[in-house]
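Accompanying notes for the structure given below.
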Amino acid sequence: MQKLIRCVNCNELFPKSPRHKKQEFCMKEKCRKAYKARWQRQKMKMDPVYKNKQGLCKNKWEKKIHRTGKHIDKKILKKLNEIEFCK
Ligand SMILES: [Zn+2]
C-alpha cells in the first residue's frame with residue numbers, strides 16, 4: 001500500500017512516490033512551481049555565486065568584485081553568506 005503524505009503547499013494528501021525520498025509537495029502544477037521557487041530561494045541563500053549567475057544584484061556584485069581585484073575572495077563569500085545581500 002502506498003503511503004499518503006500531506007503536501008506542504010496545498011495541504012492535500014497525495015501518494016508518496018517511491019522515487020522521491022524527501023518529497024513534500026504533490027505533483028500539481030502550482031505545487032511543483034512552489035517547490036521550485038522554494039528551492040531557488042534556498043539555493044540563493046546558500047550560494048551567492050548562483051545568485052550572481054541569476055543576474056540579481058549584478059551591479060552590487062560587480063562593485064564588490066572590482067574592489068578586490070576581479071575575483072570573489074573567500075572573505076567576501078563568507079560575508080555574503082552572513083548577510084542578506086539584496087535588501
Ligand atoms: Zn499540493
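The values are calculated or read from the model by the stated rules, or taken from the named source; none is laboratory data. Small disclaimer: the values here were computed from a predicted structure and weren't measured. Cβ placement follows ideal geometry from the backbone for every residue including glycine, while neighbour counts extend to all protein chains displayed.
Cβ-Cβ below 7 Å, separation at least six or inter-chain, first residue in segment 28-49 and more than 16 Å from the ligand (Cβ to nearest atom), second of a type in the set (D, E, K, R) and in a helix (DSSP H, G or I): which pairs?
Cβ pairs passing all conditions: 44/51.
Which pairs do you get when a residue that is part of a strand (DSSP E or B), found in segment 13-27, comes within reach of a residue that is at pLDDT below 80, reach meaning Cβ atoms under 9 angstrom, with the pair 6+ apart or on two chains?
Listed by first residue and then by second, the contacts come to 15/2.
Being at pLDDT below 70, exposed (fewer than 14 other Cβ atoms within 10 Å of the Cβ) and of a type in the set (D, E, K, R) narrows it down to one of 58, 51, 43, so name that one.
Testing whether each residue is at pLDDT below 70, exposed (fewer than 14 other Cβ atoms within 10 Å of the Cβ) and of a type in the set (D, E, K, R) leaves just 58.
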